[in-house]
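Bear in mind these aren't lab numbers, they're just calculated from the coordinates by the rules spelled out. Small disclaimer: the values here were computed from a predicted structure and weren't measured. Here Cβ is always computed from backbone atoms with ideal geometry, including for glycine, and neighbour counts include all displayed protein chains.
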Ligand SMILES: [Zn+2]
C-alpha cells in the first residue's frame, strides 16, 4: 500500500492529466522551430567563437534574444526532441534507447497547436523525428529528408529542405490559418562533410587540406573513427582532432547557410512581427574532451549545453540572457504566447516570464544499448566499451554539477572554476550537494514510477516495460 501511495504521489507530481484543447482557431502568431542538430554553442561565432562559423545566426541573434546558459535534457536526438516537443523530462516522456518511442499519453506541441487551429508541418533530416518514434504526432505533414548522399550534393537554395519549404509555402500553405513549422537540420552531425569552398574555406588552408581531412576521418559515416577511439584504444592524435574540429566548424557553417535560406522563405511568406522563431540545438558534441567523440556516452557540458536563440513577439532584439534555461522551456513559452496552458507534467518555464537566477536542472542518459550495439560485432563485448554500459543522471544548480551513474560512479564539478569538468570535487559547496543529490533521487524515482504506471495500465506491455526498466539499470525496488 505504501508503494502504491508513493507511486500515486509521484505520478501526481508528474501530472499525468492533460489540459483541455481549445477548439477556437487561433489568430497567430506563426511559430517556427529550427533545430540545428548537434551544434555546440561555443563553436558558434553567434556565441562569440573566433572562427566565422555562423554569419547568419549572428544576424539572427541581433534581431532577438540569445540564451547564453541553456541545457538539453539528454545528449542525443530522440529524448532531447521529446523534451522540446513536450516540455517534460526523459523519465516522464520515456523516449530512450530501450523504448525508442515517446510515451503515447504525453501531449506534443504540434498536437496542441493543430487543436488550436494551426497548420502544422515538419521538415526533418533526422529520422528520429518520425512516425516510428511517435514524434510525428500532430503534424499535418512530415517530410523526411534523411538521405545523406542527397544532402551532400545539394547546397544552399538547392538543399531539399529549402526546396520543400518553398514548395509548401507555394502550394501547401493555407492562408486562413497560422502555421507551425518545425525543421531539423543534421549537417553538423557526424560525419562532418562541409562543402568546399563555401562552407570549408574559412577553416582549411587549401582544397588539399580539406580533402585530406575528409579522407582521413570520414572514409565512412564515422564508425571506423569511433571504433578506434572507443574500442581499440586508438584515439585521434591532436593534429587529427584539429582536422575534426575544423570539419565540424565547416559543417556548422553549412547548417548556418541552410538556416539563412530557410529563414529567407519564412520572412518572405510571413510577418516577422507576428512570427515566433526559435533556432536551437538539441544537444552538443564531443570533439576529444574526456577522450570522447560524437555525443552519446556522457553528460558533460560539451554534450549537454545547447544554443538557443529566439526572435519575434515578446523577445527583445539584441538581448543576451544569462539566467539558466532548458530545452523544456520552448514548449510552455509557445503555448503561453498563444494563451494556452501547458500540462502539469511540463517542467519548462515561460521564457517571456521572470526567469529565476538559480534553477535546479536535470538531465539523463539511459543505458546506451542501441549505441553500443551499433559497434562492429568483433569489438562489441570489449571491456573498453563495457564501461559505457550504464545509466547516468545529472543535476546542475548554479555552477555546481553532480553526475551519478548506475555503475556507482559519482562526479562533482564547479562549472565556474572548471568549465571543462577536469577536476572532480569531493563535495559540492553549500546546499548544492544535498539539492543535486535529491534531484537525482527524484529523477530515478520518476523513471521507476512511470514504468510502474505503464505496467499497471497495460498488461500487454508488462514484460517489455520491465525489460526496458532493467535496461535503464533500475528495478522497481530502486529508490
Ligand atoms: Zn541530435
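Each peptide in 380-388, 60-68 receives the mean, over its residues, of other Cβ atoms within 10 Å, and ordering these scores from highest gives 60-68, 380-388.
Across the range 225-375, the mean sequence separation of Cα contacts (distance under 8 Å, 6 or more residues apart), normalised by length, yields a relative contact order of 19 percent. Working ranking of peptides 193-204, 273-284, 348-359 by packing, defined as the average number of other Cβ atoms within 10 Å per residue, highest first, is 273-284, 193-204, 348-359.
With both partners inside the chain, how many of the DSSP beta bridges are antiparallel, as a percent to the nearest 5? Bridges in the chain that DSSP calls antiparallel: roughly 50 percent. Note on residue 423 and residue 240: the extension gain reaches 63.3 nm, defined as 0.36 nm multiplied by sequence separation minus the Cα-Cα distance. Its DSSP H runs of at least 4 residues, each contributing -39,500 (n - 2.57), put the calculated 222 nm mean residue ellipticity of the chain at -10000 deg cm²/dmol, to the nearest 500. Over all pairs of different C-alpha atoms in the chain, the reciprocal of the mean inverse distance, the Kirkwood hydrodynamic radius, equals 22.8 Å.
Stretching the chain fully between residue 50 and residue 131 yields a gain of 25.2 nm (0.36 nm per residue, less the alpha carbon separation).
Comparing Cα centroids, the range 205-280 and the range 60-89 end up 19 angstrom apart. Projecting label points 7 angstrom from Cα along Cα→Cβ for residue 175 and residue 409 puts them 5.8 nm apart.
A crude spin-label estimate for the pair residue 352 and residue 387, with each label 7 Å from Cα along the Cβ direction, gives 4.9 nm.
Using Cα pairs closer than 8 Å and at least 6 residues apart in sequence, work out the relative contact order for the chain, in percent. Relative contact order here is 23 percent.
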